[in-house]
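A quick write-up on the structure given underneath.
The values are calculated or read from the model by the stated rules, or taken from the named source; none is laboratory data. What you see is a predicted model, and the numbers here were worked out from it, not measured in a lab. As a convention, Cβ positions derive from the backbone with ideal geometry for all residues, glycine included, and neighbour counts pool all protein chains shown.
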Amino acid sequence: MKTWWWLSFVNENGFAGVSIVRGETLHEAIQEAWATDCNPGGQVAAWQLPDDIASDHIGLRYRLLSEPELKNLKGRLETETVREGLARCASKGKG
């Protein structure tokens, strides 16, 4: 089953970008990044993403993300995570 992958690239100059792509395996995700022109080469670190996170950020998939975009995304994800955590705590308290 295909899942979403977060691919973080570095090269001899440092950070080269991040791509969010689908693949059944890490190898397939890296090949998908090459095929969709969002793999700058270099070394890659990868994480599988939950479908809901990738689905919520459609505009960020299948392209190379820059460092400023990632800082913005990090802030949005942290805010969403905090909101979801507070909502879960509130719902437990209503029981």
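In table form, for the structure just shown:
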item	result
Odd one out for Thr25 among (1) surrounded by 13 or more Cβ atoms within 10 Å (Cβ to Cβ); (2) modelled with pLDDT of 85 or more; (3) of a type in the set (Val, Ile, Thr)	(1)
So Gly17, is it on the phi > 0 side of the Ramachandran plot, touching a Cys at 6+ places or on another chain (Cβ under 9 Å) and not in a helix (DSSP H, G or I)	yes
Condition check for Ala46: touching a Gly at 6+ places or on another chain (Cβ under 6 Å) and outside any helix (DSSP H, G or I)	no
The range 46-68, residues that are at pLDDT 80 or above, among the charged types (D, E, K, R) and surrounded by fewer than 15 Cβ atoms within 10 Å (Cβ to Cβ)	Glu67
All positions within the range 69-91 that are under 11 Å from the mean Cα position of the chain (by Cα) and modelled with pLDDT of 70 or more	Leu70, Leu73, Lys74
Residues of the range 20-43 satisfying the condition of being β-branched (Val, Ile, Thr) and either part of a loop (DSSP other than H, G, I, E, B) or under 13 Å from the mean Cα position of the chain (by Cα) (or both)	Ile20, Val21, Thr25, Thr36
